[in-house]
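Data first, discussion second: the structure below is written as structure tokens.
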Amino acid sequence: MAAYTTLAEVKVFGSITDGNKDAKITALIPLIQAAMDTYTGRFFDKQTITINTHPKRLRDTSRLSLPFYPIVTLTSVTEDTTVSTNGTDFEALLNEGILIKPAGFWLKKYLGIHVVAEWGFAAVPQDIKHAINEWTLVSARERTQTSTTDEGIEETATMVEMPDDVKQILDRRRPHHIQANEFTVTP
């Protein structure tokens, strides 16, 4: 998994010239990236992943909506043990992450459908870079609060909410198709 931003990019974004918060920013970047991926149910770098459908959950349908999009490179699609060919057996809508069988159905009787592809983006989209840079800066500027529990244990916490404009960006990036199928994902 590639980082969506770097310490240098966050500092330029926030016009930070000193190194006082470098360690904190560096530690926050992967945490915020993971939070963004979890919130959207997507990732924004390029990753090769295998997706396997569960036949008992798959409905008879001509459209197979995959959990990730866009598809950068479609490596293979296999139904049961039969290799399917894009353009002959199905049509791939790469930007939407949808496979369509124009002359039939993805049938639930199959043992499963296996899709191997590169998913995501060749370069992290600019709105995502903006979102991670802003959220990282807001988080880095927060002060931690230390308290002592009734048992005498010292606890330190930083409570940072997702900034509203970051939430708006990420809401626009959430999957637009409802996922009726269940999948197993293998990196």
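Every read-out reported here was derived from the displayed coordinates using simple, explicitly stated rules and does not represent laboratory data. Only a predicted model underlies this, so the values are computations on that prediction, with no experimental measurement involved. Neighbour counts are summed over all protein chains in view; Cβ atoms, including those assigned to glycine, are modelled from backbone coordinates with ideal geometry.
Loop-resident trypsin sites (Lys or Arg not before Pro) (DSSP state other than H, G, I, E or B) in the range 3-46 with no more than 12 further Cβ atoms inside 10 Å of their Cβ are absent. Screening the chain for whole DSSP H helices with an alpha carbon extent of at least 15 angstrom along the helix axis and a mean Kyte-Doolittle hydropathy of at least 0.0 yields 22-40.
With the cut-off at under 11 Å, measuring from each backbone N in the range 11-51 to a point 7 Å along the Cα-to-Cβ line of THR75 picks out 47-51. Overall, the chain carries a charge dipole of about 640 debye about its Cα centre when +1 sits on the Cβ of Lys and Arg and -1 on the Cβ of Asp and Glu, all other atoms neutral. Under 17 Å of direct C-alpha separation, and excluding same-chain neighbours fewer than eight residues apart, LYS21 reaches these aspartates and glutamates: GLU9, GLU134, GLU142. If R0 is 35 Å, the Cβ-Cβ spacing of GLN168 and THR17 corresponds to a FRET efficiency of close to 0.75.
Applying 0.36 nm per residue to the separation of THR6 and THR82 and subtracting their alpha-carbon distance, the gain on full extension is 23.0 nm.
Across the chain, Cα pairs under 8 Å and at least six residues apart give a relative contact order of 32 percent.
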